[in-house]
Structures are given as C-alpha cells and as structure tokens.
1. Pulled fully out, how much extra length does the chain show between V71 and S39, if you take 0.36 nm times their separation in residues and subtract their Cα-Cα distance?
2. Taking 0.36 nm per intervening residue step and subtracting the Cα-Cα distance, what contour gain separates D25 from T49 on full extension?
3. Students often check this: by mean Cβ neighbours within 10 Å, which of 21-31, 62-72 ranks highest, and how do the rest follow?
4. Note down the nm distance, to one decimal, between modelled labels 7 Å out along Cα→Cβ at L78 and at M63.
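Values in this text are rule-based calculations from the coordinates and carry no lab data. Just so you know, these numbers come straight off a predicted model, no measurement behind them. Cβ coordinates were reconstructed from backbone atoms using ideal geometry, including for glycine residues, and neighbour counts include every protein chain displayed.
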Amino acid sequence: MKLTQLESIGDTLKRRRRALGLSQDALAQKAGVTQAQISSLERGANARTATTVAVLRALGLEMVFAPRELVPAIEALLEGSTVSEGEEKPLYALEDED
C-alpha cells in the first residue's frame with residue numbers, strides 16, 4: 001500500500017471494487033444493498049451511513065474517525081515518519097500498489 005492524496009469516497013469505492021474484480025451487482029449482493037445504491041455511492045451521492053459502512057466492509061475497508069488534533073500523528077505513522085507538534089500535513093488515503 002502507498003499513500004496518495006485523499007480522494008472522494010466514491011472514487012475509493014470504485015477503485016477498490018474494480019481491484020477486487022467485482023461488478024456493482026456482485027458488490028451489492030455481498031454488501032446487502034442494491035446495485036443502484038452502489039452506483040449512487042460511486043457517483044458521490046449522499047447515502048445513509050449504514051449503507052456506506054456495509055459497502056466499505058464488503059470491500060474489506062473501514063471508515064475511521066479521529067480527533068482533528070491527532071490527524072498529523074496518524075498521517076505520520078502511516079507515512080513512517082514523525083511530525084512536530086502543530087505541523088500541518090495534507091490528508092492521505094491508502095492505495096494498493098500496482
């Protein structure tokens with residue numbers, strides 16, 4: 001996995017689904033939602049949190065919430081570096097390496 005600039009949830013879901021070789025219909029069945037809900041999520045439409053979490057989990061992903069003041073330390077941990085107190089860095093997301 002490598003770190004890349006944060007992308008939309010919809011883009012992340014679509015990229016992960018394709019990487020797993022799943023169609024929208026297959027993912028919908030695995031997550032217990034409809035294909036239309038998968039399509040909407042991938043287009044960036046608003047969805048119920050429970051629907052989003054079900055799809056994330058079906059893709060082997062988790063949504064994590066952290067206090068804003070801990071974000072630089074978490075990012076530094078993911079990058080394998082350290083961060084000074086008060087230093088701001090951009091948000092990152094994990095991406096599968098090809």
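1. Extra length from V71 to S39 when fully extended: 8.5 nm.
2. Residue separation times 0.36 nm, minus the Cα-Cα distance, leaves 6.7 nm.
3. 21-31, 62-72
4. The answer from the label model is 1.6 nm.
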